[in-house]
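Engineer: Pasting in a structure now, in structure tokens, and then I'll have a few things to ask.
The values are calculated or read from the model by the stated rules, or taken from the named source; none is laboratory data. Owing to the predicted nature of the structure, the values given are computational and were not obtained by experimental measurement. Don't worry about glycine lacking a Cβ; one is built from the backbone with ideal geometry, like all the others, and counts go over all protein chains shown.
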Amino acid sequence: MPTPIRTNVTRQLRTLIAALLPLLAALLVTAPAASARAEAADVVPTATLTEVTDFGTNPSNLRMYLYVPDSVTAHPAVVVAVHWCTGSGPDMYNGTEYDTLADRYGFVVVYPSVTRSSKCFDVSSPQALRRDGGSDPVGIKSMVDWVTRTYDADTSRVFATGISSGAMMTNVLLGDYPDVFAAGAAFSGVPFGCFATTDGSEWNSACAQGTVTRTAREWGDIARAAYPGHTGPRPRMQLWHGAEDDVLRYPNFGEMIKQWTNVQGVSQTPSATDTPQAGWTRTRYGGTGDRAPVEAISLQGVGHNLYSNGMAARVLTFFGLDSGGPAPQPQPGACKVTATTDAWNTGLTASLTITNTSTTAVNGWQLGFTLPVGQTITNGWGATYTPGSGAVTASNASYNAALAPGASVSIGYQANHTGNSAAPGAFTLNGTACTTG
């Protein structure tokens with residue numbers, strides 16, 4: 001009789017252990033993440049700029065400053081904001097609005113800070129211009145990794161932006177780490193590799209003066225050579241430049257457009273051109289929406305120090321962070337446009353119906369299409385139309401910006417024509433192709 005009793009006890013113990021093992025495994029898996037979040041709360045107070053030390057490999061002795069809002073979201077996005085020559089991370093914090101925008105949208109901001117005497121970032125050495133080669137890019141990548149680990153950040157939403165030397169570093173980061181950064185925004189910069197030197201100098205006069213010109217393919221090859229093994233998607237790029245820049249001269253703007261359109265594999269011919277405000281010319285390449293592969297803003301009559309309040313909000317729109325998360329974008333076939341025209345003599349009325357056929361809501365839309373040759377829009381309703389001919393962008397009105405799954409909105413315009421009164425034949429919604437019918 002003792003043997004069955006022992007057997008039953010053994011079976012009960014085995015059953016109990018089997019039940020406990022999954023629970024123990026789950027605790028072991030989740031404990032590090034919970035511990036990391038708790039450690040972050042202890043080390044980095046919210047709603048104030050804080051220096052972080054011992055964040056990882058840092059060959060050029062950069063300093064790391066971090067801003068975490070009270071409202072930081074679960075799996076937050078990360079924005080790396082890179083300062084100008086003679087500046088610092090705290091200067092970038094004080095001189096831009098990324099912290100207040102982080103308060104609104106819940107992302108984390110990293111402010112790298114140079115310690116070398118020039119206070120310029122290394123964008124010229126051979127070490128800086130290749131992935132994991134050393135110098136500043138490696139230190140900045142370590143900062144991103146630290147934030148990703150500590151806050152369980154969304155690795156698909158890591159972005160870089162910078163001014164002057166920081167703009168050049170933004171170009172370098174996107175070239176060195178195309179698998180880390182989803183997009184960048186460069187204010188008064190130069191192409192990746194343009195500042196390259198081999199003599200230890202931090203300055204390349206030929207590039208600064210705008211005399212270094214290459215083909216789009218040559219510029220693209222230089223960027224791709226930083227990480228030749230990369231086969232995935234490439235980061236999108238937003239470029240800002242003053243036409244009167246006398247430090248990093250205006251021809252660099254065109255060279256950057258060449259480079260990043262080639263990297264993205266899109267045409268150098270703009271898909272859309274408009275004027276967001278007086279003196280600005282914005283061109284978009286490879287798409288017409290706010291998240292086009294490349295966006296370039298030229299500022300007439302403006303010099304090197306072009307950054308001003310309000311521009312950071314436009315950067316967030318390009319990044320897709322101005323709704324507290326990744327902006328939902330229709331996928332191919334996830335939108336449908338029906339277009340008809342009613343023509344007379346030299347005029348016509350066009351009616352367009354846009355339907356969101358995806359399963360996610362669209363909050364804010366831009367419809368891109370090309371008018372047939374000879375047509376010019378004279379007025380419209382339901383949207384703002386720019387320009388009046390050629391490649392047109394119709395931007396939502398304040399009352400019809402939201403499109404729930406399955407919802408439709410009707411808009412239209414009147415136009416003059418010289419004989420061809422047909423409706424446009426192809427449309428994009430926020431830069432993505434729609435079906436027609």
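Engineer: Restricting to the range 186-216, what's the tally of residues that are at pLDDT 95 or above and of a type in the set (D, E, K, R)?
Structural biologist: Qualifying residue count for the region: 1.
Engineer: How many residues does the range 135-183 contain that are of a type in the set (D, E, K, R) and on the phi > 0 side of the Ramachandran plot? Explain how you work it out, then say what you get.
Structural biologist: Start the filter on the range 135-183 by keeping residues that are of a type in the set (D, E, K, R), which leaves 136, 141, 145, 149, 152, 154, 157, 176, 179.
Still in the list and also on the phi > 0 side of the Ramachandran plot: 152.
Count: 1.
Engineer: Residues in the range 274-293: is at least one among the small types (Gly, Ala, Ser), more than 18 Å from the chain's Cα centre (by Cα), crowded, with 19+ Cβ neighbours inside 10 Å and over 30 Å from residue 85 (Cβ atoms)? Talk me through it step by step, then tell me what you get.
Structural biologist: First, the residues of the range 274-293 that are among the small types (Gly, Ala, Ser): 278-279, 286-287, 289, 292.
Next cut, more than 18 Å from the chain's Cα centre (by Cα) only: 278-279.
From what is left, the residues that are crowded, with 19+ Cβ neighbours inside 10 Å are none.
No - not one qualifying residue is present in the range 274-293.
Engineer: Next up: Scanning for something surrounded by 23 or more Cβ atoms within 10 Å (Cβ to Cβ), under 20 Å from residue 59 (Cβ atoms) and among the β-branched types (Val, Ile, Thr), does the range 192-215 turn up at least one residue?
Structural biologist: No.
Engineer: Say whether the condition of being assigned to a loop (DSSP other than H, G, I, E, B), at pLDDT 95 or above, more than 18 Å from the chain's Cα centre (by Cα) and farther than 30 Å from residue 75 by Cα is met by at least one residue in the range 363-372.
Structural biologist: Pass one, the range 363-372, residues assigned to a loop (DSSP other than H, G, I, E, B): 364-365, 371-372.
Within this subset, residues satisfying the condition of being at pLDDT 95 or above are none.
Among the residues of the range 363-372, not one is assigned to a loop (DSSP other than H, G, I, E, B), at pLDDT 95 or above, more than 18 Å from the chain's Cα centre (by Cα) and farther than 30 Å from residue 75 by Cα, which makes the answer no.
Engineer: Only one of (1) at pLDDT below 95; (2) surrounded by 23 or more Cβ atoms within 10 Å (Cβ to Cβ); (3) not basic (Lys, Arg) is not met by residue 266, so which one is it?
Structural biologist: All conditions are met except number (2).
Engineer: Here is a check on your reading of the model: is residue 273 farther than 25 Å from residue 165 by Cβ, among the hydroxyl-bearing types (Ser, Thr, Tyr) and touching a residue at least 24 places away in the same chain (Cβ under 8 Å)? Full working, then the answer.
Structural biologist: On the way: farther than 25 Å from residue 165 by Cβ: yes; among the hydroxyl-bearing types (Ser, Thr, Tyr): yes; touching a residue at least 24 places away in the same chain (Cβ under 8 Å): yes.
For residue 273, the condition - farther than 25 Å from residue 165 by Cβ, among the hydroxyl-bearing types (Ser, Thr, Tyr) and touching a residue at least 24 places away in the same chain (Cβ under 8 Å) - is met.
Engineer: State whether one or more residues within the range 137-160 are buried (at least 23 other Cβ atoms within 10 Å of the Cβ), in the same structural domain as residue 261 (by TED's automatic domain parsing) and in contact with an Asp or Glu (Cβ under 8 Å, 6 or more places away or on another chain).
Structural biologist: yes
Engineer: Considering the range 145-167 alone, what residues qualify as being β-branched (Val, Ile, Thr) and over 14 Å from residue 112 (Cα atoms)? Step through it out loud before you land on a result.
Structural biologist: At the first step, the residues of the range 145-167 found to be β-branched (Val, Ile, Thr) are 147-148, 150, 155, 158, 161, 163.
If the condition is that a residue be β-branched (Val, Ile, Thr) and over 14 Å from residue 112 (Cα atoms), then 148, 150, 155, 158 are the ones that fit.
Engineer: From 355, 376, 360, which residue is farther than 22 Å from residue 295 by Cβ, free of Cβ contacts under 8 Å to residues at least 60 places away in the same chain, among the β-branched types (Val, Ile, Thr) and touching a Pro at 6+ places or on another chain (Cβ under 7 Å)?
Structural biologist: 360 is the lone residue from the list that is farther than 22 Å from residue 295 by Cβ, free of Cβ contacts under 8 Å to residues at least 60 places away in the same chain, among the β-branched types (Val, Ile, Thr) and touching a Pro at 6+ places or on another chain (Cβ under 7 Å).
Engineer: State the number of residues belonging to the range 53-77 that are more than 12 Å from residue 139 (Cβ to Cβ) and touching a residue at least 60 places away in the same chain (Cβ under 8 Å).
Structural biologist: 8
Engineer: Follow-up question, since we're still on this one. Which residues, counting only those in the range 396-431, are buried (at least 18 other Cβ atoms within 10 Å of the Cβ) and not aliphatic (A, V, I, L, M)?
Structural biologist: 396, 412, 413, 417, 421, 424, 427, 428, 430, 431
Engineer: Got at least one residue in the range 277-289 being part of a helix (DSSP H, G or I) and outside the structural domain of residue 395 (by TED's automatic domain parsing)? Spell out the reasoning first.
Structural biologist: Let us first name the residues in the range 277-289 that are part of a helix (DSSP H, G or I), namely none.
No, the conditions are met nowhere in the range 277-289.
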